[in-house]
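Notes to accompany the following structure.
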Amino acid sequence: MIRSIISAIGAITAAAAAPAQMAPPPGSPPVRSIEPSKVILVGDSTTAVIGGWGPAFCADHVTSFLACVNLARGGRSSGNYRWEGSWKIALSEMRVPGYRTTWVLIQFGHNDQPGKPGRSTDLATGYPENLRRYVREARAAGAVPILVTPLTRRIFADGRLVDDLAPWAAATRRVATELKVPLLDLHADSRAVVEALGPAVSQMFAQLPPGSPPAGPGAAAAGTEVQVQPLATPRLSFDNTHLGKQGAAVFATIVTKELAQAVPDMRPLLVP
């Protein structure tokens, strides 16, 4: 009995040590090789994993042949995303070999606005030049850049949407035209949706329902930041900028539709 068990173990070990079969068995149908592609998301908290549309896009709108890497960071502008080294990491991802095509979606604007120390950029010069550098460097790294206008805020006054990000959206459009870059006009599309729903109904896109208590000091101002000890804990709050799961799902669908129109090569890799 023991000898038979030992013999069986030996046979299993020998089979495991044998070289893996490198070709399909004779008579098998031909295997069509499909090279995977990659899409990288670069931006602020309205794209990032907590508070943005990026998680829903990566989870629900790409096929298994499109790797989706979300490198958006909360609190980042077109300036400090580079200054802190996040863009360097994104460039490294763009240079990874083996992908048929690597696209990079770039969305900034919220934290480029005035009054944000260490983040704000000049709308007339700094912001557009930062976008130009991102486009040029992405192309030099072998990637295909795609500019995205900033997601609208859901702030109303006297029943009308306060479109405070319109100048940054316009600047993004101009750079896209100048450098012949595909453009996703998320600002225009999100504004249309929010205006159609109105101030009350559009609140459903928020992280938490209206009237929810802030999750600790500073949570309302930094709703997407995390406490890192002992484990990361989202500091969520109700605001009119960041997205909950329902908002992320809506705007990720819009991004997908825009991509399918602006970048035809991506259509077979996208799920509506």
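The values are calculated or read from the model by the stated rules, or taken from the named source; none is laboratory data. No experiment lies behind these values; they were computed from the predicted model shown. We place every Cβ from the backbone using ideal geometry, glycine too, and count neighbours over all the protein chains shown.
Every test in (1) crowded, with 16+ Cβ neighbours inside 10 Å; (2) farther than 20 Å from Val175 by Cα is passed by Glu84 save one, and that test is (1).
Checking each residue of the range 82-104 against the condition of being closer than 23 Å to Asp185 by Cβ, among the small types (Gly, Ala, Ser) and free of Cβ contacts under 8 Å to residues at least 12 places away in the same chain gives no match. Gly75 fulfils the conditions (1) within 17 Å of the chain's Cα centre (by Cα); (2) within 23 Å of Ala176 (Cα to Cα); (3) in a loop (DSSP other than H, G, I, E, B); (4) not charged (D, E, K, R) except for a single criterion, (2).
With respect to the conditions (1) part of a loop (DSSP other than H, G, I, E, B); (2) at pLDDT below 90, Ala11 falls short on a single one, namely (1). Which ones in the range 40-66 are surrounded by 24 or more Cβ atoms within 10 Å (Cβ to Cβ) and not β-branched (Val, Ile, Thr)? Hits for the range 40-66 are Leu41, Gly43, Asp44, Ser45, Gly51, Gly52, Trp53, Gly54, Phe57.
Within the set Ala90, Ala192, the sole residue that is aliphatic (A, V, I, L, M) and either farther than 22 Å from Ile254 by Cβ or surrounded by 18 or more Cβ atoms within 10 Å (Cβ to Cβ) (or both) turns out to be Ala90. Residue pairs whose Cβ atoms lie under 7 Å apart, separated by 6 or more positions or on different chains, with the first residue in the range 40-66 and closer than 18 Å to Thr102 by Cα and the second among the acidic types (Asp, Glu) and surrounded by fewer than 24 Cβ atoms within 10 Å (Cβ to Cβ), are Ile40/Glu93.
Residues in the range 91-106: is at least one among the hydrophobic types (A, V, I, L, M, F, W, C), modelled with pLDDT of 95 or more and assigned to a loop (DSSP other than H, G, I, E, B)? Yes, the range 91-106 contains a residue that is among the hydrophobic types (A, V, I, L, M, F, W, C), modelled with pLDDT of 95 or more and assigned to a loop (DSSP other than H, G, I, E, B).
Could you check the range 37-72 and list, in sequence order, the residues that are assigned to a helix (DSSP H, G or I), among the small types (Gly, Ala, Ser) and over 8 Å from the mean Cα position of the chain (by Cα)? Within the range 37-72, Ala56, Ala59 qualify.
If we scan the range 112-123, do we find a residue that is within 23 Å of Lys38 (Cβ to Cβ) and buried (at least 21 other Cβ atoms within 10 Å of the Cβ)? No, because not a single residue in the range 112-123 is within 23 Å of Lys38 (Cβ to Cβ) and buried (at least 21 other Cβ atoms within 10 Å of the Cβ). Criterion applied to Val144, Val162 was being of a type in the set (A, V, I, L, M, F, W, C), at pLDDT 95 or above, surrounded by 17 or more Cβ atoms within 10 Å (Cβ to Cβ) and on the phi < 0 side of the Ramachandran plot, and the one residue passing it is Val144. Filtered by the rule that a residue be in a strand (DSSP E or B), in contact with a Pro (Cβ under 9 Å, 6 or more places away or on another chain) and within 30 Å of Arg100 (Cβ to Cβ), the range 124-182 gives Val144, Pro145, Ile146, Leu147.
Just one of the listed residues (Thr101, Thr172, Thr149) is under 30 Å from Pro36 (Cβ atoms), in contact with a Lys or Arg (Cβ under 9 Å, 6 or more places away or on another chain), crowded, with 22+ Cβ neighbours inside 10 Å and among the polar types (S, T, N, Q), namely Thr149.
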